[in-house]
């Protein structure tokens, strides 16, 4: 459904919603929120009065009837749990400009606090400006998504910032919001900027990818669970320009490189090295401790060697043993598929969730 919502945004515009501003940022951390024992709320507004009466406790999805109806901003039709009406009522107030959302201390492009929609965007623009990223915003897109496919809706926002030439999507931020103990909170902020691309689907699966330079490509896959927690499923860094079936000094450096990077290593265009990380975060600072960081990360990644067509191209057994003796694991593509499957199963990222479609975004624009 692609319908245009036209509302009065005078208050939002005066607060600087559709213009650039100035602030600071903090990194993301996972999981962002801890699940509460009772995340349902008891708020129903006039805008959603036509929706059937809600229950006081979270309903069993197997015992509920799909809701039918429209509110000011949302289509309730098809949500399978009656408690969804309470959640959507909170989203309704927030989109309308009267409700607020809580932001934690470690949220990308936002500072800790309580914000209306206009204030949230203004706070984000301030931080984007500090990074030299575009801050002009002429439209906000929003959608209901179903993280974990549990029948309870989360609110997703898409903010396509424009550059000075009016080019949209020069920098796009995605925000996922849901209630925790009756209060709306930001679960995560994901972003797309120059030479990168981010997507979220209707079930809370997030994919990010971008260039790491002429010979690198990085991607990360995340999921927001039904409990509102954000997890990294796995990341993959692909190194190109490999001429020998061995680690290059661009992949592993420092003291560890002297053990596993052969002196006759050749750069070329024959092979690729794929480095997989299953949620490990090094305690070393890559800026001030680059060698320690490289060695620590190498020992907590899993590596696959392929040719340029993606076919396995394993180094010889002696070299694989040498790497293993130094704490570095080289496996086959089939091994990695198994590891990824186990990681996805751990966080409930089923095939249905991974294969979900793009959210059905609606634009929130000034009339």
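Any read-out appearing in this document is the output of simple, stated calculations on the displayed coordinates, not a laboratory observation. All figures in this text were calculated on a predicted structure; none of them were measured in a lab. Don't worry about glycine lacking a Cβ; one is built from the backbone with ideal geometry, like all the others, and counts go over all protein chains shown.
In summary, segment 234-346 shows an alpha-carbon radius of gyration equal to 1.04 times the 2.2 N^0.38 Å reference for compact globular proteins. Neighbour counts of other Cβ atoms within 10 Å put 267, 152 in the fewest-to-most order 267, 152. This ranking places 344, 147 by how few other beta-carbon atoms lie within 10 Å of each, fewest first, which gives 344, 147.
Projected label points at residue 299 and residue 351, each 7 Å from Cα along the beta carbon direction, are separated by 3.9 nanometres.
Counting other Cβ atoms within 10 Å as a rough exposure proxy, the listed residues 199, 98, 294 run 98, 199, 294 from fewest neighbours to most. The base-10 log of I(q)/I(0) for segment 81-190, evaluated at q = 0.17, 0.24 Å⁻¹, reads -0.79, -1.39 [Debye formula, identical scatterers on Cα atoms, solvent excluded].
Its residue count N fixes a reference of 2.2 N^0.38 Å for segment 195-252, and the Cα radius of gyration divided by that reference is 1.43.
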